[in-house]
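Read the structure below first, then the notes.
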Amino acid sequence: CISVTQAATMDSEECVQAGEVAQLRRLGLSDEAIAEAQQLKRDKETASMLRFMVRHKSWESDSTVDYADVHVRLSAVLDKLVQRPTAIQTLRDGLDRLGDGRENAVCVVFASAAQRTTEEEEEGGDALQQQQQRQRETAACARATITLALAKLLFRDDCKNDAFELCEHLMAAFLRRLSRRPSSLTVHEQEDDDGDDDEQQQQQQQQQDLLH
């Protein structure tokens, strides 16, 4: 039972939680069972919140909402609530909403969006084209994230062939991207490569000095 003094030091949510725990204790539940019940309630509340965000497309009005993160988190909590078919469908719906209606469609951009945007601005590219490019890249990155999550969940659901097919699509898209844009390394990767070349040249010069 909660005393008046204890209630005065807690906010309304804590009071409700404490009352629920006290009620469960009176029913004879163990601490472990109470913890599981509380976690189940939190998971259901999280699923409800994420469903609301998906239904109202919160990412369109709030820049802090990440499209892929919402779908992956919703899928994860649904799977935790023993609703795996719904969890899988959530990820499939997330892929379809990205604009490609084909089932398991994959179109991935691995190059640095920030680097290409900077290059376009330096070249005086059109602002609308830059915005559209960033939107395509954002959608592509989201598609890659959701596809990987779907492949993992399908593998756990013993749909290994489907999961493997998704992974193959991702790798094929990655290789195609590399073949089309050989200079699509990020700035840090290019700096690392330049550093390796300088180091090799220094080593070769030292070997020549020793020979002479």
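The values are calculated or read from the model by the stated rules, or taken from the named source; none is laboratory data. No experiment lies behind these values; they were computed from the predicted model shown. Note that we place each Cβ from the backbone using ideal geometry, even for glycine, and neighbour counts take in every protein chain shown. In case anyone asks, the SASA skips ligands and DNA or RNA and just uses the protein heavy atoms, side chains included. Shrake-Rupley method; radii C 1.70, N 1.55, O 1.52, S 1.80 Å.
Being in a helix (DSSP H, G or I), exposed (fewer than 11 other Cβ atoms within 10 Å of the Cβ) and modelled with pLDDT under 95 is the filter here; which residues of the stretch 56-85 pass it?
Filtering the stretch 56-85 down to residues in a helix (DSSP H, G or I) leaves 58-60, 67-80, 84-85.
Remaining after also requiring exposed (fewer than 11 other Cβ atoms within 10 Å of the Cβ): 60, 85.
Matches in the stretch 56-85: Glu60 only.
For Thr138, all conditions in the list (1) open to solvent by 40 Å² or more (accessible area, probe 1.4 Å); (2) of a type outside the set (A, V, I, L, M, F, W, C); (3) at pLDDT below 75; (4) within 23 Å of Leu175 (Cβ to Cβ) hold save one; what is the number of the exception?
Only one criterion is unmet by Thr138, namely (3).
Can you name the condition, by its number, that Val108 falls short on among (1) modelled with pLDDT under 95; (2) part of a helix (DSSP H, G or I); (3) surrounded by 18 or more Cβ atoms within 10 Å (Cβ to Cβ)?
(2)
Please pick out the residue among Gly124, Gly94 that is at pLDDT below 75 and of a type in the set (Gly, Ala, Ser).
Details: Gly94 fails: at pLDDT below 75.
When all the criteria are applied, what remains is Gly124.
What pairs come up if the first residue lies in the stretch 159-172 and is buried (at least 16 other Cβ atoms within 10 Å of the Cβ), the second is at pLDDT 95 or above and charged (D, E, K, R), and their beta carbons are under 6 Å apart, counting only those six or more places apart or on different chains?
none
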